[in-house]
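One structure is given below, represented as structure tokens, and several questions about it will come after.
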Amino acid sequence: MRALHLFFFTLACAFFFSSPAAGAVADGDARLLKIVALSRHGVRSPTQDVKTLSAWSARLWPHWPVERGHLTPRGARLVTAMWADLRGVLLNHGLLPDALCPPPGAVFVRADTDQRTRATARALLDGLGPDCAQGYAVAEARPDPLFHPVKAGLYAFDPAATATDVLNTTGGGLEQLQEDFAGPLALIDQLSAPPSPELCSRFGLSPQCRLSDLPNAVSVSPEGRSVGLAGGLGIASSLAEIFLLEYGQWPGSDAGWGQVDGKTLSQVLPVHSRVFDVVNRTPLVAWARGSSLLTEMAAALTGMHYDQRLNAASLVVFVGHDTNIANVGGLLGVNWQAEGYPPNDIPPAGVLFLELWGRGDKREVRVRFYAQPLEALHAPFDGEYPTLAAAPQLRRDVVSPAQSPDVRSAVQNGPEASADPRRHAPVAARVSAPPVVGEARFELSDFTQLVRDKTAGAPLAPQQVPRLHLVRDAAK
């Protein structure tokens, strides 16, 4: 028995000292030195055009208050509320001084060129310091090769190699993926039915087909600039994401034609998160699309960035897209579980933190992920109730497959329910770097070597030092 105990002790020690946290900085007197973050934009309108949405469902789609793919005013408010709360985290750790406005140069924000990312940058800066003379940087090139190196022409996907890599990531092929999510797919069929007869006939099916009947395939564009899943799985994934966006946009109404409350949303979101991961965490896709960002994030964290503004700042935030975060997470081998969401889901304004901690001459990188829980995303702001008449309503021909009390009871209590200033606060997700269970923590030298290994030979964006745009500037 003693020999058996010694074996397990030896095994446990070997596991610990082979982990990313081996030789880690102790928590007791460790100090947070810097954060480099990668944020998704906030709640936006769907990026699909009316023709595409009408093909997916013949039902009447809600009217959004902004152009296609733009950040909504409520989305901006949610971002500001989230970062106002995160500011408290930064102050508690001494990363920023307890002042009304961050000192010049302490915060550096770099946004992608889309309206939704630029508006998100303005909103998060408002949360960190309202009415402060702050700005964010944005490149002149469209698309910005930092956020979209493949779309910008720095690399082209080989159709055969990319399809093979994506299929390997499914863990059994697209048929197995379809089988694994048969229940949620059937629910999405019920929520969105019927698709247009034209969509069904396009796949050689009867005019009365369901979305889950559509065959699936890995789709790589002829020029190699994009990759995704075509067919029922891809459409179902997009629909689940749209339901989440609607849930965040209209706090007084359920999403999905009045059928999707918090409980139903939690049933369909796993389709989106899994399909999204299959594409964006595929090694080849993550390497081609994510290496530029990860390389610059690591350089900023270690003070080796070619743009001295990123070296000088205590907080650096890149504002991009969920694809960017999935790419970087895949390269690092990091996973997260945000409260109320499926594994690795990236809700609107979800943000990945790379934190540099130090004690004496020891340095460690800790990875965190923050997101607003579903109830925070759906919670109203003070004075928001008069606008709820514009929300999409349940049609008489629709029967809700699931109803639950969840947050609607709080919403229906009136504006006084939103008095809690932390009602829209984010929550830290559970983050891990398999095979280690627990926090994702790396010695700095191990982290920098990991970044070098994972980005080796990748197409990297050319060096850019974009000019700052003041927060008060109008969106272009």
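The values are calculated or read from the model by the stated rules, or taken from the named source; none is laboratory data. Fair warning: this is a prediction, and the values are worked out from it, not measured in the lab. With ideal geometry, Cβ positions are generated from the backbone for all residues, glycine too; neighbour counts draw on all protein chains shown. With ligands, DNA and RNA removed, areas are computed over all heavy atoms of the protein, side chains included. Shrake-Rupley method; radii C 1.70, N 1.55, O 1.52, S 1.80 Å.
Please report Rg (one decimal) and Dmax (integer) in Å for the Cα set of the stretch 119-184.
20.3, 54
If you don't mind, another one. Under a point-charge model restricted to the Cβ atoms of Lys and Arg (+1) and Asp and Glu (-1), what is the dipole moment magnitude of the stretch 147-286 relative to its Cα centre, in debye to the nearest 20?
200
Add +1 for every Lys or Arg and -1 for every Asp or Glu among the other residues with Cβ under 15 Å from the Cβ of residue 276, and state the total.
-1
Quick one: pull the percent of accessible area on the chain belonging to carbon and sulfur, 1.4 Å probe, ligands and nucleic acids left out.
That fraction is 56 percent.
I would also like to ask the following. When the convex hull of the C-alpha atoms of the stretch 174-296 is computed, what volume per residue in Å³ does it have?
Dividing the Cα hull volume of the stretch 174-296 by its residue count gives 134 Å³.
On to the next question. What Kirkwood hydrodynamic radius do you get for the stretch 41-148 when you take the inverse of the mean 1/r over all pairs of distinct Cα atoms, in Å?
It works out to 15.6 Å.
Can you report the principal axis dimensions of the chain using only the alpha carbons, biggest first, rounded to whole angstrom?
So the extents along the principal axes, rounded to whole Å, are 67, 56, 55.
Using a cut-off of 19 Å between alpha-carbon atoms, which aspartates and glutamates can reach residue 263, once sequence neighbours fewer than 8 places away in the same chain are excluded?
189, 241, 246, 254, 339, 345, 375, 406
Here is a further query. Can you tell me the relative contact order of the chain? Whole percent, Cα pairs under 8 Å, sequence separation 6 or more.
Relative contact order comes out at 25 percent.
Among 203, 460, 166, which residue has its Cα furthest toward the positive end of the charge dipole of the chain, with +1 on Lys/Arg Cβ and -1 on Asp/Glu Cβ?
It is 460, whose Cα lies furthest towards the positive end.
Also, I was wondering about something else. Taking only DSSP H segments of four or more residues, each worth -39500 (n - 2.57), what value at 222 nm results for the chain once the sum is divided by all its residues, to the nearest 500 deg cm²/dmol?
My calculation for the chain gives -12000 deg cm²/dmol from helical runs alone.
Further question: Determine the relative contact order of the stretch 17-159: mean sequence separation of Cα pairs under 8 Å and six or more apart, normalised by residue count, in whole percent.
22
Kirkwood Rh and Cα-based Rg: tell me the resulting Rg over Rh for the stretch 307-378, rounded to two decimals.
1.02
In angstroms, what radius of gyration and Dmax does the stretch 231-297 have, counting Cα atoms only?
15.1, 43
On to the next question. Grab the other residues whose beta carbon is less than 10 angstrom from that of residue 232, score K and R as +1, D and E as -1, and report the net.
-1
For the stretch 132-241, what's the relative contact order in percent, using C-alpha pairs closer than 8 Å and at least 6 residues apart?
26
Could you give the accessible area per residue of the chain, probe 1.4 Å, as a whole number in Å²?
Result: 42 Å² of accessible area for each residue.
Taking a cut-off of 27 Å between Cα atoms, list the lysines near residue 454, but don't count ones fewer than 8 places away on the same chain.
Within reach: 34, 151, 362.
Dipole magnitude of the chain about its Cα centre, charges +1 at Lys/Arg Cβ and -1 at Asp/Glu Cβ only, in debye to the nearest 20?
580
Considering only the other residues whose Cβ falls under 12 Å of the Cβ of residue 170, what net charge follows from Lys and Arg at +1 and Asp and Glu at -1?
Surrounding charge for residue 170 is -3.
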